[in-house]
1. Which value in Å is the Kirkwood Rh of the range 3-99 over different Cα pairs?
2. Hey, rough spin-label estimate for Gln267 and Gln15, points 7 angstrom out along Cα→Cβ, what's it come to in nanometres?
3. Excluding Asp82 itself, calculate the net charge of residues whose Cβ lies under 13 Å from the Cβ of Asp82, where each Lys or Arg counts +1 and each Asp or Glu counts -1.
4. Scanning the chain for GluC sites (Glu not before Pro) in DSSP loops with at most 11 other Cβ atoms within 10 Å, what's the longest stretch left with none?
5. Rg over Rh of the chain, using C-alpha atoms and the Kirkwood radius, what does it come to?
6. Under 21 Å Cα-Cα from Lys203, which lysines qualify once same-chain neighbours fewer than 8 residues away are excluded?
7. Can you check what the Kirkwood hydrodynamic radius comes to for the range 155-264, Cα pairs only, in Å to one decimal?
8. If I take every Cα pair under 8 Å that is 6 or more residues apart in the range 3-99, average their sequence separation and divide by the length, what percent do I get for the relative contact order?
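Every number in this text was worked out from the coordinates using simple rules, so none of it is lab data. Bear in mind the structure is a predicted one, so any value in this text is a computation, not a measurement. A quick note on method: Cβ atoms are made from the backbone with ideal geometry, for glycine too, and the neighbour counts reach across all protein chains shown.
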Amino acid sequence: MDRAALADFLRRRRQGLRPGDVGLPAGARRRAPGLRREEVAALAAMSADYYTRLEQQRGPQPSEQMLASLAIALRLSSGERDYLFQVAGRNAPSPVSTAAHVAPALLRVLDRLDDTPALILSNLGETLVQNRMAVALFGDRSGDTGLDRSEIYRWFTRPGERLRYPEQDRERQSRAQVANLRAAYGSMGPKSRAGELVRALQKASAEFTALWERHEVAQRFADHKVLLHPELGAVEVDCQVLFTEDQAQALLVLTAPPGSEGYEKLQLLAVIGQQNFAQA
């Protein structure tokens with residue numbers, strides 16, 4: 001672990017960011033350029049004291065999970081992320097963790113979406129980042145680990161996952177989940193994480209196996225859908241998606257026409273989400 005290099009890199013990256021770059025309000029005039037230490041700590045879900053000690057060359061060696069959080073908080077490119085791991089005395093991320101590194105271009109767009117649900121997904125249906133509105137609508141997915149990180153896996157192994165959709169839409173959603181996984185499997189190959197997911201689902205779900213044998217392939221999101229929220233009931237939204245160039249990640253944005261019932265419910269969702277955060 002090169003404490004001096006780590007501290008200098010963190011400090012320079014922090015000072016090179018503006019609040020607007022990470023979705024924070026500018027607020028009052030700042031005496032120093034860049035983000036404050038406590039802002040980076042909050043974005044990385046760590047204590048301000050822990051982060052401060054890293055910049056002061058006196059902190060413990062960060063875990064790989066902590067470094068991955070810092071890479072997202074500081075909006076690092078893949079090369080910058082690898083360098084962060086190296087100076088922290090950790091091995092460069094494996095292909096598995098590399099796939100979960102959020103594309104900076106999508107993050108910059110997500111940072112500017114605060115008034116409507118938005119989230120970044122991998123091509124295996126893993127939620128990589130959610131804004132506060134998406135957390136209020138879908139729940140916090142940051143605690144999921146292993147295969148449970150994939151919404152495709154949860155769809156076929158956790159019956160409660162289906163309660164988010166009206167009953168008449170669930171069959172179509174099942175087909176869409178399998179078709180999306182088939183597209184990822186085709187590009188990543190049988191020895192990839194996609195192949196691991198397919199094999200696990202074939203053992204866990206007869207429904208998945210039957211749908212997989214249909215060989216339907218698609219990488220799409222429904223333009224319009226109805227989602228069931230425990231407090232608001234049915235919420236009708238339109239879906240827009242922005243893919244990275246390699247199609248490995250997608251930014252999903254949910255909106256509703258102004259004046260519609262769905263729009264009014266999204267406005268209520270913003271209030272409900274803020275209240276839940278305050279209580280937490």
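1. Its Kirkwood hydrodynamic radius stands at 13.6 Å.
2. 4.5 nm
3. Result for the neighbourhood of Asp82: 0.
4. After excluding every exposed loop site, the longest remaining stretch is 1-212.
5. Using Cα coordinates only, the ratio equals 0.99.
6. Lys191
7. Averaging 1/r across every pair of different Cα atoms and inverting gives 15.5 Å.
8. RCO, the range 3-99: 29 percent.
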